[in-house]
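J.: What follows is a single structure, and I will ask about it in a moment.
Taken together, the values in this text are just the output of simple stated rules run on the coordinates, not laboratory data. Source: prediction; values computed, not measured. Heads up, the Cβs are rebuilt from the backbone with ideal geometry, glycines too, and the neighbour counts pull from every protein chain shown.
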Amino acid sequence: MSPGGHFAPARVRAVHDVASDVRMIELEPSSGARAYPTGSHIDIAVEVEGLPDVRSYSLVGERPLDGAYRIAVKDVADSRGGSRFVRALEAESDVEVSDPKSHFELHYGRPEYLLVAGGIGITPLVGMSHALARHGRPFRLLWAARSRAQMPFLDELSELLGDRLELYVSEEGNRLELGQQIDQLHPDGELYLCGPLRMRDAAQRAWRERERAREQLRFETFASGGRFPPEEFVVRVRDRDDQEIVVPRNRTMLDALGDHGVELMWDCRRGECGLCQVAVLEAEGELDHRDVFLSEEQQAQGASLLTCVSRAVRGAVTIDSGFRPAWTR
């Protein structure tokens, strides 16, 4: 159950490719596009295999462009179906979107900033780069990707940043060493990162090893990214007489539980707020924690998981959903 959320009609104004596997979608809300802080995203109502769902996409740039929001959508092999739906939109298509909101807003006043992007994670950092450059703040942008052909906005950022932009392209033999980069950052500087799970884990590990202030490492999440490709698994609900529910590879545990009448509290659907957390009683195989709510130690213990993003791999998981009929209380 969601505590709220508002969607309004919008029109697709334009669609064009900005990299070999990235498509830009311009969305024009019927009520007009609103100004937004850096790091903002919008939610889009999508349809996956005939069922309604929601996907979140970071907004490109500091502000709307001529009354439209811009999002960049990558062609993801392991997509649960949302990116395929959005990438298939054409000019003049109708869609429903939320107002912008930010969990990744840039905080001003630090002596130095380090922005780190992995692949399509560049999207929210485009606006941050423009904002920091406009305010004259000292910063660098590090961008890791497989190939230059997969790097949207490269010309724009190269012109804006010059030697403040550092590229680490796998097919060119360049590797990003986060520890070395953090060592160069001012002791009171902040790091903003958006990229895949392994990059985020490496940054957190390097940051912690250097005993840096935890609140000065900020990151945006890829809710769909995990250590393993998504696969079908079974969840058994102990407080529902061990009811067995199959979670398809393109559905979340939260969705599959809801489809079978097991309603949980939820809000962000990004692994951030913790509302959809359940207790894990038994796990066959491995748990693929994809959230940023649980600590690394809590994830290793495997006593709970967030149903909106996390999954089981090569097996099943038995949970206590926390549901208790009124007559048992």
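J.: Can you pull the three principal axis extents for the Cα set of the chain, in Å, largest first?
T.: 64, 50, 37
J.: Also, quick follow-up: Expected output is a single nm value to one decimal: the length gained when fully extending between Asp320 and Asp17, i.e. 0.36 nm times separation in residues minus the C-alpha distance. What is it?
T.: 104.6 nm
J.: What's the FRET efficiency of Tyr108 with Ala300 using the Cβ-Cβ distance as r and R₀ = 35 Å, to the nearest 0.05? Walk me through the intermediate numbers first.
T.: On the way: r = 36 Å, r/R0 = 1.02.
With R0 = 35 Å, the Cβ-Cβ based efficiency is 0.45.
J.: Could you give the nm distance between label points at Asp242 and Ser30, where each point is 7 Å from its Cα heading toward the beta carbon?
T.: Rounded to a tenth, the inter-label distance reads 5.1 nm.
J.: Let me ask you something else. Percent relative contact order of the chain, based on C-alpha pairs within less than 8 angstrom and at least six residues apart?
T.: 14 percent
J.: Counting C-alpha atoms alone, how compact is the stretch 16-61: give Rg to one decimal and Dmax as a whole number, in angstrom.
T.: Here Rg and the maximum Cα pair distance are 12.7, 34 Å.
J.: Pull up all non-local amide H partners of Ser304: gap of 5 or more, or a different chain, and H-to-H distance under 5 Å with H placed in the peptide plane.
T.: Answer set, sorted by chain and number: Val280.
J.: Need one word for the stretch 113-220: rounded, prolate or oblate. Basis is the Cα gyration tensor (sqrt eigenvalues a ≥ b ≥ c); a/c below 1.5 gives rounded, then a/b vs b/c decides.
T.: Note, shape of the stretch 113-220 comes out oblate.
J.: Calculate the length of the line joining the C-alpha centroid of the stretch 92-168 to that of the stretch 293-314, in whole Å.
T.: 29 Å
J.: Expected output is a single nm value to one decimal: the length gained when fully extending between Glu286 and Leu51, i.e. 0.36 nm times separation in residues minus the C-alpha distance. What is it?
T.: That works out to 81.8 nm of additional length.
J.: Just to check I understand the Karplus step: with θ = phi - 60° and J = 6.51 cos²θ - 1.76 cosθ + 1.60, what whole-Hz values come out for the stretch 82-90, glycine and proline as x?
T.: After applying 6.51 cos²θ - 1.76 cosθ + 1.60, I find x, 5, 5, 4, 5, 5, 7, 5, 10 Hz.
J.: According to the square roots a ≥ b ≥ c of the eigenvalues of the Cα gyration tensor, what is the shape class of the stretch 233-328, taking rounded for a/c under 1.5, prolate for a/b larger than b/c otherwise, and oblate for the remainder?
T.: Working: a/c = 1.38, a/b = 1.22, b/c = 1.13.
The shape class here is rounded.
J.: How long is the gain from Ser158 to Arg218 if the chain were fully straight, where each residue apart is worth 0.36 nm and the alpha carbon distance is subtracted?
T.: Taking 0.36 nm per residue and subtracting the Cα distance, the gain is 19.2 nm.
J.: Distance from the Cα centre of the stretch 173-210 to that of the stretch 6-54, in angstrom?
T.: 30 Å
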